[in-house]
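Here is the structure we will look at.
The values are calculated or read from the model by the stated rules, or taken from the named source; none is laboratory data. All figures in this text were calculated on a predicted structure; none of them were measured in a lab. No Cβ is skipped: glycine too gets one built from the backbone with ideal geometry, and neighbour counts run over all protein chains shown. Just so you know, the surface numbers come from the protein's heavy atoms only, side chains and all, with ligands and any DNA or RNA stripped out. Shrake-Rupley method; radii C 1.70, N 1.55, O 1.52, S 1.80 Å.
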Amino acid sequence: MRDAYHEELDSISDGLVELARLVGSAMGRATTALLDADLALAESVIAADEKVNNLHHELENRAIDLLARQQPVATDLRIVVTSLRMSADLERCGDLARHVAKVARLRYPETAVPNDLHPIVLEMGQLAQRLVAKAGLVISTKDVDAALELERDDDAIDALHRELFSHLLDDRWQHGIETAVDVTLVGRYYERFADHAVSVAKRVVFLVTGEHADGFTQEPVAAE
């Protein structure tokens, strides 16, 4: 009976890893659609978000059912409750990828991002994908050290976000108000996507240690 119970816990974790994979793929494809003005790709990202939502709801229902049937305590309770929150974070990542794709669709056949800003936005998209991929790995391995690294990785996204704003506020900006709004929104979507990936990693720290990541201190490694 307990083996079946722990298999259910493991299956929820596997579902979260799959959710991370789906939203990472969605953001990668949304970024390509945005920069290449690819309408078909943008539409496919928007349509595929339903699969993310369905998996999120499935995981949510399974976790709630497990709470009701097994009444877990201690670490098992942390796993179930934390899984609910991680699923919500990842579902939100999917929404943000869809938002990027919607900007691409709105401006088609033009590209919403000026050519001179393509390298920054491309790098933001790639970093966002890497962050959520690392979050998925952290869910699978329960590696606290790797989880804590994500917040440092997020600093790179924040720096690129600031760089985007520096272009928008530059007196030499010549791309108009509409484009400025698009770039502002897109930059925010990537930044929030990364924040949710970091949130997932922080929840893994809590799951493993029982301590919140913001207050968690690692034991120093003894010199050999």
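When the criteria are applied in full, residue 20 meets the requirement of being modelled with pLDDT of 95 or more, open to solvent by less than 10 Å² (accessible area, probe 1.4 Å) and within 30 Å of residue 209 (Cβ to Cβ).
Tell me, yes or no, whether segment 28-42 has at least one residue that is touching a helix residue (DSSP H, G or I) at 6+ places or on another chain (Cβ under 6 Å), in a helix (DSSP H, G or I), closer than 30 Å to residue 106 by Cβ and among the acidic types (Asp, Glu). Taking every residue of segment 28-42 in turn, none turns out to be touching a helix residue (DSSP H, G or I) at 6+ places or on another chain (Cβ under 6 Å), in a helix (DSSP H, G or I), closer than 30 Å to residue 106 by Cβ and among the acidic types (Asp, Glu).
Let me confirm something: among 159, 112, 104, 133, which residue is more than 15 Å from the chain's Cα centre (by Cα) and open to solvent by 10 Å² or more (accessible area, probe 1.4 Å)? Break it down into steps so the answer makes sense when it comes.
Working: 112 fails: open to solvent by 10 Å² or more (accessible area, probe 1.4 Å); 104 fails: open to solvent by 10 Å² or more (accessible area, probe 1.4 Å); 133 fails: more than 15 Å from the chain's Cα centre (by Cα).
Only one candidate qualifies: 159.
The C-beta contact set for segment 1-29 (first residue farther than 21 Å from residue 132 by Cβ, second residue at pLDDT below 90, distance under 6 angstrom, 6+ apart or interchain) comprises 5/70; 8/66; 9/79. Only one residue in 56, 99 is without any contact (Cβ under 8 Å) to a residue 40 or more places away in the chain and surrounded by 16 or more Cβ atoms within 10 Å (Cβ to Cβ), so which one is that? Of 56, 99, the one residue that is without any contact (Cβ under 8 Å) to a residue 40 or more places away in the chain and surrounded by 16 or more Cβ atoms within 10 Å (Cβ to Cβ) is 56. One residue stands out in segment 170-193 among those that are open to solvent by less than 80 Å² (accessible area, probe 1.4 Å) and among the acidic types (Asp, Glu): the one that is nearest to residue 111 (Cα to Cα), namely 182.
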